[in-house]
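This report concerns only the one structure given below.
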Amino acid sequence: MAQRTLPTWRSLMFCPANAQRFVDKAHTRGADAIILDLEDSVSGGEKAAAREGVAQAAVTVGQGGADVLVRINRELHWAVPDIAAAVGPAVTGLVLPKVMGPEHVRLLSEVVATHELALGLPLGHTRFVALVESAAAVEHIGAIARADARMVAMAVGGEDLSTDLDAEPSADSLYVAKMLGVHAARAAGILPLGVLASVAGVADSDPYRAMLARSRALGFACATCVHPAQVPLLNAAFGPTAAQLDRAGRLVAAYEAGVAQGLGAVLFEGAMVDKPVAERAYRLLDRAQAA
């Protein structure tokens, strides 16, 4: 399996794999990744046709340089042919919905590996984003995050989880599960994907921007969206500002000067900076350089 390198996503935009008018324009929207959807946005009667066109759609939506992922269906009678259609050089990874546990992830990884080998792709070419969307799966969230080397991100799906809980998809009802997801993902060394509340709304509003800012402050690394208007908002919320980059650069310079003098911590703008604080600044700078 190839060594895991985490992506530098800020925004991942869903696009129905069978909606050609959306597929044709997806690469112009500025998202870091495009998720071609074979699941919720495609009706049962259209799934076969969407599956047949997903390889060409991947080439189309990826022409601007965005990573391309495919959200497959959970049901195995659909998931297996979805994987066969999706795995290929133009597809960066798969989004696994309604993951039930670590064994589920490993089963799908085995199926993917068969197709990678048949196509001559490096083993591990196809990365995984797992969606935890039920109360039962939340109980196994740490094991899911660590289930397979293909895993690069994990999200707690607010809409489906809220339905399972018989609750409204709000920051209050989802907070515990969402934060468990952040902790589990960070502990496993993968990206915590998502926001505190629902992603169904598409309005550019002050409350939505505030929710994105709060989500980033709580540790979320990136988020999905269902409308192109949300892409610049996610990019702004999950990407560093010019002021943050400037401060991080000065902080790192001060810390490195202290280390060169044999110091483990330095005073910077009225606060003590030690290794963990400096590490956050390094990550911010690396993220901006890679984006």
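The values are calculated or read from the model by the stated rules, or taken from the named source; none is laboratory data. The model shown is predicted, which means the values in this text are computed figures rather than measured ones. All Cβ positions, glycine included, derive from the backbone under ideal geometry; neighbour counts span all protein chains shown. Heavy atoms of the whole protein, side chains included, go into the accessibility calculation; ligands, DNA and RNA do not. Shrake-Rupley method; radii C 1.70, N 1.55, O 1.52, S 1.80 Å.
Contact order for the chain, expressed relative to its length and based on alpha carbon pairs under 8 Å spaced 6+ residues apart, stands at 16 percent. Taken over the chain, the percentage of Cα pairs per 5 Å bin, counting from 0 up to the bin with the maximum distance, is 1, 6, 12, 15, 18, 17, 13, 8, 5, 3, 2, 1, 0, 0.
Taking every DSSP beta bridge that has both ends in the chain, the antiparallel portion is near 10%.
Here the chain is assigned +1 on the Cβ of each Lys and Arg and -1 on the Cβ of each Asp and Glu. Its dipole about the Cα centre then comes out at about 780 debye. From largest to smallest, the equivalent ellipsoid semi-axes obtained for region 189-291 from the alpha-carbon gyration tensor read 33, 12, 12 Å. Computed per residue of the chain from DSSP H runs no shorter than four, each worth -39500 (n - 2.57), the mean residue ellipticity at 222 nm is -15000 deg cm²/dmol.
Helix 76-86 and the longest principal axis of the Cα set of the chain meet at an angle near 70°.
On the chain, 56 percent of the accessible area sits on carbon and sulfur atoms, based on a 1.4 Å probe. With contacts taken as Cα pairs under 8 Å at a separation of at least 6 residues, region 156-291 carries a relative contact order of 17 percent. Computed over neighbours whose Cβ is under 13 Å from that of K275, the net charge equals -1, Lys and Arg +1, Asp and Glu -1. Taking a straight line from the alpha carbon of K98, these aspartates and glutamates sit under 12 Å away, with near neighbours fewer than eight places off in the same chain left out: E39, D40, E75, E133, E159, D160, D164.
Note that region 76-164 presents 38 Å² accessible area per residue, ligands and nucleic acids not counted, probe 1.4 Å.
May I ask you to derive the FRET efficiency for D206 and Y175 from their Cβ-Cβ distance with R0 = 30 Å, giving the value to the nearest 0.05? It comes out at approximately 0.90. Pairwise alpha-carbon distances in region 96-219 exceed 23 Å for 35% of all pairs. Each other residue within a Cβ distance under 14 Å of V111 adds +1 if Lys or Arg and -1 if Asp or Glu, for a net charge of -3. Using the Cα gyration tensor of region 1-115, with a ≥ b ≥ c the square roots of its eigenvalues, what is the shape: rounded (a/c below 1.5), prolate (a/b larger than b/c) or oblate (neither)? Oblate, since a/c reaches 1.5 and b/c is not below a/b.
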